[in-house]
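We did not get these values from a lab; they are worked out from the coordinates using the rules stated. As the structure is a computational prediction, the values presented were derived from the model and not from experiment. Don't worry about glycine lacking a Cβ; one is built from the backbone with ideal geometry, like all the others, and counts go over all protein chains shown.
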Amino acid sequence: MLCFIVGVSGVYAQVNLTKHEIKGYVYERDAKGKLQPLPGAHVFCPKEQKGSVTDINGAFMVHAHNSFPHPIIASFVGYESDTITLKKAKELKFVLEPSILDEVQLVDRQKSNAKSLLQTTNLEWISSAELQKAACCNLSESFETNPSVDVSFTDAITGAKQIQMLGIDGVYTQILAENMPLLRGLSASYGLNYLPGSWIESIQVAKGTGSVVNGFESLSGQINVELFKPSTADKLFWNTYVSSTGTIENNFIASTPIKNNWKTALLGHYSYQGQSVDQNGDGFADDPEMNRLTLLNRWEYTGFDNRHIMFGVRYLDENRITGQLSPVVSDTDEFVAPYEVIMDTEQAEFHSKTGFIFNKPGTSLGIITSLRYHNQETLFGGSLYSGMQHSLYLNSIFQSNFGSDKTTYKMGLSYYADNYKESLDDLEFIRNDRTLGAFGELSYKSGERFSSILGIRADHSKIWGMWYSPRLHLRFNPIETMVIRASAGKAHRQANVLAENISYFFSARTLEMGAYENLDAEVAWNYGFNFTYCFSILNKETTFNLDLYQTDFQNQVVVDIEQGDKIRIYNLEGESYSTSLQIDASIEPVEGLELKFAQKWNETKTTYTGNQGADYMPFVAKYRSLAQVAYSAWQNKWDINVTLQNIGPSRIPAKGEIEEAWSPNFNLLSGQFTRRFKKFDWYIGIENALNYTQKNPIRSVDNPFSEDFDAAMIWGPVMGRKVYSGIRVKFND
């Protein structure tokens with residue numbers, strides 16, 4: 001039995017900042033004597049006792065602490081091994097020659113996603129190859145084939161999607177881009193749609209409270225997104241996409257080295273939907289008219305052996321026009337202006353990462369900075385929401401060992417400066433907060449069997465005062481192919497209630513809320529247990545996984561829509577919790593064929609004022625099932641992926657004469673076929689193949705200015721079946 005054990009750089013590591021990188025390529029010669037990449041070759045650095053496996057392009061990378069020189073060994077079954085002594089930082093090139101056993105070939109497939117047996121935290125790694133199994137136009141669609149993160153439906157107007165994790169809203173999940181805040185503040189509701197899927201190199205999903213190094217948030221988990229960097233991006237990548245609803249997308253990545261050890265990459269994205277689409281014929285757009293432009297320019301300096309510098313600038317401009325498609329004739333035969341929604345969003349960000357490596361092994365200092373501007377205006381039904389954010393984020397991390405690499409500690413300081421100005425019609429909310437934090441984290445590893453991470457941080461907020469966040473992660477491997485994990489931790493969050501719940505305002509509800517200063521910071525404890533076991537069934541590799549997590553809120557900003565004509569926002573008075581149980585398994589019955597199954601149960605309850613005890617939170621499915629079949633042909637020339645989801649019932653609040661109800665369970669079927677040629681990939685896919693949609697998603701759709709109008713009671717898909725196709729092209733030296 002061969003069980004896949006992967007140790008990936010997790011959400012909590014600052015690997016890009018604290019180590020220098022040994023990179024290069026491994027080649028073989030074809031029948032004509034031309035060099036061809038050799039994927040799957042092993043590259044080992046004896047001095048570091050670390051190794052790597054080459055990817056499909058023959059590339060490898062080994063992170064190193066020690067100073068040069070480094071002997072590097074490249075090997076592959078059936079080939080003569082080769083050793084190069086690296087005396088300074090440069091790109092290596094190995095050319096392996098066949099040995100006397102050149103008629104013997106062993107080929108293994110690299111998994112596109114995996115759960116680590118060696119990480120202390122419960123971490124799942126998702127590669128770009130896994131993301132290419134579906135459309136993944138943006139980050140919100142990157143979890144369509146993943147059971148750990150649930151994709152939910154926001155409203156019946158904007159076409160945007162959100163996520164849920166461990167049975168609670170995605171705003172409680174800390175979402176990072178290379179360990180820097182990505183979705184924070186006013187971008188919480190729609191920010192998942194702003195990051196193009198083609199820019200993503202990998203995603204790490206960690207359940208439970210995250211590392212104190214990354215902040216005081218992470219009530220239910222951390223999602224860290226690694227983007228393509230100047231050193232890892234293709235020389236030129238281009239992806240074009242078109243759907244049956246008229247959406248056209250183009251993505252490109254261009255990277256090039258520049259003199260004096262500089263490298264740069266330009267990442268671009270443009271989406272266009274020429275006109276709104278009304279699939280269900282209710283007079284309201286299901287897929288809005290939209291223009292979105294996103295640009296990211298990244299720079300990286302590699303001229304120092306003991307220093308690493310990377311910075312970038314990102315800009316986004318998006319415009320959406322949606323709502324009622326035509327005016328309505330009133331009882332007096334007069335035309336009434338349509339209910340129109342116009343959303344304009346502009347975002348700009350500068351970020352940098354600087355790392356210093358010291359002579360003492362395992363000792364480094366990393367400094368992360370991020371400066372963001374966000375401006376959003378939403379006009380809906382005669383009302384206007386306006387939000388502006390200016391944020392500064394600083395984080396410094398010092399890392400070293402206690403004696404040996406068995407015990408590692410991290411310590412540092414972080415600083416958040418946030419200025420928010422929001423308005424809703426005549427109401428204005430201004431919040432200026434400064435949060436200074438200090439943290440310490442101790443990691444201990446006893447051989448390969450046991451490891452632990454103990455962390456604590458203290459933060460002082462100008463508005464909410466002092467809070468403390470202790471966290472503990474434990475890992476035990478009874479045998480090599482089995483892992484048991486446990487975690488417990490406390491996290492805090494500062495809610496932005498208007499921006500995070502703007503979809504509820506697409507209704508006739510009125511807002512009932514006091515001053516921002518009267519809303520306390522959200523506080524929750526999270527407890528988790530994980531069991532993963534790799535074994536064989538009929539000599540076929542099989543993985544079984546069980547996750548059990550409990551989130552208990554000590555305080556929560558409750559968004560109460562239980563009184564149909566109001567949106568009430570207040571501090572929690574009572575209990576609020578979420579219990580999430582997930583089991584999943586995967587097996588490879590034959591070469592290239594992988595079968596996955598997952599089942600999840602959620603119990604999420606919150607206490608609403610006027611209710612006796614906690615009630616089920618609206619629009620959280622009580623259970624979800626996922627079954628997936630993926631097949632990849634020999635040499636990866638083509639592959640097919642089919643995913644079936646069954647989404648269980650969720651509670652729908654009462655409104656007016658409509659009583660409280662539970663949605664029906666329903667199925668979502670999607671699939672994609674990809675054909676790979678020498679110079680490009682062509683793919684065609686389908687979403688919601690069963691064409692299931694929520695019936696009458698908008699209440700009082702014929703009279704959007706009445707007291708009964710509501711476009712936010714969404715528990716299922718509003719869009720029906722959608723077919724898409726696209727081409728991916730890569731150019732490299």
Taking the Cα centroid of segment 474-551 and of segment 577-644, what is the distance between the two, rounded to the nearest whole Å? 14 Å
In whole angstrom, note down how far apart the Cα centers of segment 165-218 and segment 356-418 are. 13 Å
What number in nm² do you get for segment 664-711 if you take the convex hull of its Cα atoms and divide its surface by four? 5.7 nm²
Classified through the alpha carbon gyration tensor (a ≥ b ≥ c as square roots of its eigenvalues; rounded if a/c is under 1.5, else prolate when a/b is larger than b/c, else oblate), segment 227-731 comes out rounded
Calculated from DSSP helices alone, with each H run of at least 4 adding -39500 (n - 2.57) and the total divided by the residues of the chain, [θ]222 nm to the nearest 500 comes to 0 deg cm²/dmol
For segment 287-433: rounded, prolate or oblate by the Cα gyration tensor [a/c cutoff 1.5]: prolate
Charge dipole (debye, nearest 20) of segment 15-95; +1 at Cβ of Lys and Arg, -1 at Cβ of Asp and Glu: 280 debye
From the residues PRO470, GLN376, ASN703, which one has its Cα farthest along the dipole of segment 227-731 in the positive direction, the dipole being from +1 and -1 charges on Cβ of Lys/Arg and Asp/Glu about the Cα centre? PRO470
Selected from ILE223, LEU690, TYR504, residue furthest toward positive end of dipole (the chain; charges at beta carbon): ILE223
The chain - charge dipole about Cα centre, Lys and Arg +1 at Cβ, Asp and Glu -1, debye rounded to 20: 3640 debye
Once the dipole of the chain is set up with Lys and Arg at +1 and Asp and Glu at -1 on Cβ about the Cα centre, which of VAL149, THR435, GLY24 lies farthest towards its positive end? GLY24
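Assuming a ≥ b ≥ c are the square roots of the Cα gyration tensor eigenvalues, decide whether segment 641-730 counts as rounded (a/c under 1.5), prolate (otherwise, with a/b larger than b/c) or oblate.
prolate
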Hull surface over four for the Cα convex hull of segment 15-95, reported in nm², is 5.4 nm²
